[in-house]
1. Looking at region 145-157, which of the residues that are open to solvent by 60 Å² or more (accessible area, probe 1.4 Å) and not basic (K, R) is farthest from the chain's Cα centre (by Cα)?
2. Among what's in region 271-310 and is in contact with a Pro (Cβ under 7 Å, 6 or more places away or on another chain), assigned to a helix (DSSP H, G or I) and open to solvent by less than 10 Å² (accessible area, probe 1.4 Å), pick the residue that is modelled with the highest pLDDT.
3. Could you say whether any residue in region 71-94 is more than 20 Å from A272 (Cβ to Cβ), part of a helix (DSSP H, G or I) and either in the same structural domain as H133 (by the TED database) or among the acidic types (D, E) (or both)?
4. Does A142 satisfy the criteria of being in contact with a Pro (Cβ under 8 Å, 6 or more places away or on another chain) and either open to solvent by less than 10 Å² (accessible area, probe 1.4 Å) or in contact (Cβ under 8 Å) with a residue 12 or more places away in the chain (or both)?
5. Would you check which residues across region 104-120 are assigned to a helix (DSSP H, G or I) and within 14 Å of the chain's Cα centre (by Cα) and list them?
6. Going by the structure shown, is D130 open to solvent by 50 Å² or more (accessible area, probe 1.4 Å) and at positive phi?
7. Quick check on region 74-103: of everything there that is aliphatic (A, V, I, L, M) and open to solvent by 60 Å² or more (accessible area, probe 1.4 Å), which residue is farthest from the chain's Cα centre (by Cα)?
8. Under 6 Å between Cβ atoms, at least 6 apart or on separate chains: pull out the pairs that start in region 198-218 with a residue that is of a type in the set (S, T, Y) and open to solvent by 10 Å² or more (accessible area, probe 1.4 Å) and end on any residue that is part of a loop (DSSP other than H, G, I, E, B) and at pLDDT 85 or above.
Amino acid sequence: MSLDLAVNSSCSDKAPKFDSGSGCIFSQDSAISYVWNAWNGRKTYTMVHAVKALLVSLEPLMFASTFVLFGDHYQLPPLVQSAEARENGMGISLFFRLSEAHPQAISPLQSQYRMCQSIMELSNALIYGDRLHCGSPEVANAKLNFPRPSSCSSWLKAVLNLSRPVIFVNTDMLPAFEVRDHKTVNNPLEAYIIAEITAGLVNNGIEGNDIGIITSGESPQTCLPSISGDTYYGQIPGKRQRLHTVSFVRSNENPRNCISSLLADWQRINVALTRAKKKLIMVGSCRTLSKVPTLKLLIDKVDEQSRYFG
């Protein structure tokens, strides 16, 4: 069966078409899903939002003899607040289940046009088995530029080094321990480091709307001073921007405690790493994070890149 898709923002009122029969195109991303059927010789379709709940996932498929899923099941899983529901498998998306059950039906899109080479290599090493590649030399070699270069302290100069697309700031030599407040976890010293980095970027001419700050803990605006009204603050996953700083937050005397935290969710970590386009700055405790296998691999990969860039 051939699939004829014309994606055009000016013709969103037109449903995609299969060459015969009825079908369904369904997206796990933030796109719109189309469902249509042949009825009395006419093609009709209904638009539904992408995956919000299992019911929303299944209902469109009931109208179709053939359906196509678009998305990446290696990224965000369903958000399930109920522990009982998670234990009963509701944390596994329909997309993931079908992909695992029918690998022969997968058609991978392996060219990506968002991240530069160094950032892409992290996700390739952790998740994708080196299957991703940059869609063009311009994407692969994209670098951040400072419109107004300014002087700064030596440690900040090393962090902002434009020839190093990926930086990991290890806080193990600092008293940068997490602080618990009821059910939330913050790390004030990591927040201070992120604030200094962000201020340094702004002083070098980077616009606030090009900077993203994401964290695995409580929303960072509770700890950070006001820097720019356009700067994005949020928890994983974050938005797609030219530059991202990531605060891993967790740092404690018993590193094994973080194994059951959000940091152990490899799909969300994958999303956190792949939001940045040109530079990724991570702040965290290597001693604590190395207890999580995925993050241990991440730290090793960053060390490997550091030796390459000198």
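The values are calculated or read from the model by the stated rules, or taken from the named source; none is laboratory data. Every value quoted in this text rests on a predicted model; they were computed, and no experiment measured them. Here the Cβ is made from the backbone with ideal geometry for all residues, glycine too, and neighbour counts use every protein chain on show. Each accessible area value is taken on the protein alone, full model and side chains, heavy atoms only, with ligands, DNA and RNA left out. Shrake-Rupley method; radii C 1.70, N 1.55, O 1.52, S 1.80 Å.
1. First pass over region 145-157, keeping only residues open to solvent by 60 Å² or more (accessible area, probe 1.4 Å): 145, 147-149, 151, 154-155, 157.
Among the residues that remain, those that are also not basic (K, R) are: 145, 147, 149, 151, 154-155.
Values: N145: 23, P147: 27, P149: 29, S151: 32, S154: 30, W155: 27 Å.
Restricting to residues being open to solvent by 60 Å² or more (accessible area, probe 1.4 Å) and not basic (K, R), the top hit is S151.
2. Result: T288.
3. Yes: region 71-94 contains one or more residues that are more than 20 Å from A272 (Cβ to Cβ), part of a helix (DSSP H, G or I) and either in the same structural domain as H133 (by the TED database) or among the acidic types (D, E) (or both).
4. Values: in contact with a Pro (Cβ under 8 Å, 6 or more places away or on another chain): no; either open to solvent by less than 10 Å² (accessible area, probe 1.4 Å) or in contact (Cβ under 8 Å) with a residue 12 or more places away in the chain (or both): yes.
So A142 fails the test.
5. We begin by selecting, within region 104-120, every residue assigned to a helix (DSSP H, G or I); these are 104-105, 117-120.
Hits for region 104-120 are I119, M120.
6. Values: open to solvent by 50 Å² or more (accessible area, probe 1.4 Å): yes; at positive phi: yes.
Taking the combined requirement at face value, the residue satisfies it.
7. In the first step, residues of region 74-103 are kept if they are aliphatic (A, V, I, L, M); the result is 76, 79-80, 83, 85, 90, 92, 94, 98, 101.
Now narrow it down to the ones that are open to solvent by 60 Å² or more (accessible area, probe 1.4 Å): 76, 79, 90, 92, 101.
Numbers: L76: 8, L79: 14, M90: 21, I92: 17, A101: 25 Å.
Among those that are aliphatic (A, V, I, L, M) and open to solvent by 60 Å² or more (accessible area, probe 1.4 Å), it is A101.
8. Close Cβ pairs (under 6 Å, with a partner that is part of a loop (DSSP other than H, G, I, E, B) and at pLDDT 85 or above) amount to S216/F248; S216/V249.
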